[in-house]
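What follows is a set of notes on a single structure, which appears directly below.
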Amino acid sequence: MATEGQQHPIKIYLLVWALLFVFSAISYASDYMDDGVIRTSVILLFMILKAAAIVAVFMHMQWERYALIFAILLPPLALMVLMTLMAIEADYAWATRVEYMGEPIAPEPKPPPTHRH
């Protein structure tokens, strides 16, 4: 005789589905905003919120132990922090090259190739 597993109420799934719909609507509505930091921040914020809701409820992470949650979520978080630090360092290194080594800010464009027949 097979034993049944833990069943979660369908109300949670419907609530998260509605929340995802609202987050997507707000994210799509940001297309009418002016381009800039605020628009990009709104899009990224709701992207992260949607991903967190999907992982928490639909992938059942909400009901897991903290050790498993940290084992799955900390490595991507550490990678994002390290990528941010590398981007900051790259910007600083390029600015140092421009300032102290006389590197041009933008490389000279190459002339278009000429075709001879």
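The values are calculated or read from the model by the stated rules, or taken from the named source; none is laboratory data. Everything quoted here is computed from the prediction, not taken from an experiment. With ideal geometry, Cβ positions are generated from the backbone for all residues, glycine too; neighbour counts draw on all protein chains shown. Side chains are part of the model used for accessible areas, which takes the heavy atoms of the whole protein and leaves out ligands, DNA and RNA. Shrake-Rupley method; radii C 1.70, N 1.55, O 1.52, S 1.80 Å.
Details
- Filter result for I38 (open to solvent by less than 80 Å² (accessible area, probe 1.4 Å) and on the phi < 0 side of the Ramachandran plot): no
Conditions tested, residue by residue: (1) surrounded by fewer than 11 Cβ atoms within 10 Å (Cβ to Cβ); (2) touching a residue at least 12 places away in the same chain (Cβ under 8 Å); (3) acidic (D, E); (4) farther than 30 Å from P9 by Cα.
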residue: D31; (1), (2), (3), (4): yes, no, yes, yes
residue: L45; (1), (2), (3), (4): no, no, no, no
residue: R65; (1), (2), (3), (4): yes, no, no, no
residue: L68; (1), (2), (3), (4): yes, no, no, no
residue: E89; (1), (2), (3), (4): yes, no, yes, yes
residue: Y100; (1), (2), (3), (4): yes, no, no, yes
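- The single condition among (1) modelled with pLDDT of 75 or more; (2) outside any helix (DSSP H, G or I) that I105 does not satisfy is (1).
- Cβ-Cβ under 8 Å pairs, at least 6 apart or on other chains, the stretch 12-28 side farther than 22 Å from H60 by Cβ, far side of a type in the set (S, T, Y): none
- Among (1) in a helix (DSSP H, G or I); (2) free of Cβ contacts under 8 Å to residues at least 40 places away in the same chain, the one test that V57 misses: (2)
- Test: residue in the stretch 84-105 that is basic (K, R) and over 30 Å from Q7 (Cβ atoms): yes
- All conditions but one from (1) part of a helix (DSSP H, G or I); (2) touching a residue at least 12 places away in the same chain (Cβ under 8 Å) apply to H8; the one that does not is (1).
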